[in-house]
Amino acid sequence: MDTPPDDPALLRWAESRPREVTGDPLWKLAAYRHAAYIAWLARDDAQTVAADVVCKAVAGQLLTSATSVAANIAESYGRPTNTDRLRFLSYALGSVREALMWYEAAASALGAEAVADRLARLSRARRILLGLINRVRGRRSHPIDGW
């Protein structure tokens, strides 16, 4: 399963976000929008996982790793140097990979369809992040004023 760039669920969710969120220049960054949507989904997913006796311990890890992706992208956006930005984007990439693992661990509680959707979304976020990291690495010697 792959999520298309014009993913209807993501677009509907994005349209429902308040102006205080969408008015920030960070919102224009596709990696952030995808990661923020994953974090939003992970809240409900973590509640479902926490209700399952076998997977209960996974819930907190899943939520922490999934929300960490968007948080680290946001943190990178406010950094003045490419070195700082790369550090936080790398943290976000590590969190994507961690969330992938926790979603697989939660498969019995969430079901195959939900897990396949989340893995596809995280994979898309990973591809976008890798592209962003490569782009920032290419400009490593130049400070960036804004994205």
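Could you work out [θ]222 nm for the chain from helices alone, using -39500 (n - 2.57) per DSSP H run of at least four and dividing by all its residues? Round to the nearest 500 deg cm²/dmol.
Theoretical 222 nm ellipticity from helices: -24500 deg cm²/dmol.
For R87 and R43, what is the calculated FRET efficiency with R₀ set at 30 Å and r taken between the beta-carbons, to the nearest 0.05?
It comes out at approximately 0.65.
Highest GNM mean-square fluctuation, the chain, Cα pairs closer than 10 Å: which of I38, I128, I73?
I128
Relative contact order of the chain: what whole-number percent is it, with Cα pairs under 8 angstrom and at least 6 residues apart?
28
Within the chain, what's the longest stretch lacking trypsin sites (Lys or Arg not before Pro) that sit in DSSP loops with no more than 14 other Cβ atoms inside 10 Å?
So the longest stretch without any such site is 1-138.
Between 0 and 90 degrees, rounded to the nearest ten: what's the tilt of helix 112-138 against the longest Cα principal axis of the chain?
10
Given a 1.4 Å probe and every protein chain left where it sits, what share in percent of the accessible area of the range 24-147 is carbon and sulfur?
Carbon and sulfur: 53 percent of the exposed surface of the range 24-147.
Nearest 0.05, what FRET efficiency do A116 and L11 give at R0 = 25 Å with Cβ-Cβ as r?
Using R0 = 25 Å, I get an efficiency of 0.80.
Please report, in Å, the Rg and the Dmax of the chain, where both are computed over Cα atoms only.
Answer for the chain, Rg first and Dmax second: 15.6, 51 Å.
Between V54 and M101, what is 0.36 nm times their sequence separation minus the Cα-Cα distance? Round to one decimal in nm.
15.3 nm
Using a 1.4 angstrom probe, figure out how much accessible area the chain has per residue, in square angstrom, rounded to the nearest whole.
Each residue of the chain exposes 53 Å² on average to a 1.4 Å probe.
The values are calculated or read from the model by the stated rules, or taken from the named source; none is laboratory data. Keep in mind it's a predicted model, so treat the numbers as computed, not measured. Don't worry about glycine lacking a Cβ; one is built from the backbone with ideal geometry, like all the others, and counts go over all protein chains shown. These area figures cover heavy atoms from the full protein model, side chains too; ligands, DNA and RNA do not enter into them. Shrake-Rupley method; radii C 1.70, N 1.55, O 1.52, S 1.80 Å.
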